[in-house]
1. In deg cm²/dmol, rounded to 500, what helix-only [θ] at 222 nm does the chain give when every DSSP H run of at least 4 residues adds -39500 (n - 2.57) and the total is split over its residues?
2. Which residue, P29, P14, P43, tops the fluctuation ranking in a GNM of the chain built on C-alpha contacts under 10 Å?
3. Counting only trypsin sites (Lys or Arg not before Pro) that are in a DSSP loop and have at most 12 other C-beta atoms within 10 Å, tell me the longest site-free stretch of the chain.
4. Got a sec? Which residues in the range 25-55 would a label at L8 touch, if it sits 7 Å along Cα→Cβ and we count backbone N under 17 Å?
5. When the Karplus curve 6.51 cos²θ - 1.76 cosθ + 1.60 is applied with θ = phi - 60°, which whole-Hz ³J(HN,Hα) does each residue of the range 46-53 get, with x for Gly and Pro?
6. Against the longest principal axis of the chain, how steep is helix 12-21, in degrees 0 to 90 to the nearest 10, with axes from Cα atoms?
7. Just the number, please: Stokes-Einstein D of the range 15-55 in µm²/s, Kirkwood Rh from C-alpha pairs, 4 °C, 1.567 mPa s.
Amino acid sequence: MIRRRPHLLWLILPYLLFVAALPFVNRVPLFVLWMLGATLVTPAAVALARRGDRS
């Protein structure tokens, strides 16, 4: 499926941002900013996946 629709790989980005933050929960003082950034990236990644799916 990914070979025919590679634009769906954009949907992995938000997942990776949230999962990558888990080891740093108690160590990084800017954890809240990281989570805010990941939350803001999510709609952009979904929009890019949708844009690729429409064409």
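1. So the calculated ellipticity at 222 nm is -20500 deg cm²/dmol.
2. Result for the chain, Cα springs under 10 Å: P29 fluctuates most.
3. Values: sites that count: R3, R4, R27.
Maximal segment without exposed cleavage sites: 28-55.
4. What the label zone holds, given the 17 Å backbone N cut-off, is 45-55.
5. Using θ = phi - 60°, the values come out as 5, 5, 5, 5, 5, 4, x, 6 Hz.
6. 10
7. Numbers: Rh = 11.3 Å.
Estimated diffusion coefficient is 115 µm²/s.
No value in this document is a laboratory result; all are computed from the given coordinates. Predicted model only: the values in this text are computed from it and were never measured. Virtual Cβ from ideal backbone geometry, glycine too; neighbours counted across all protein chains shown.
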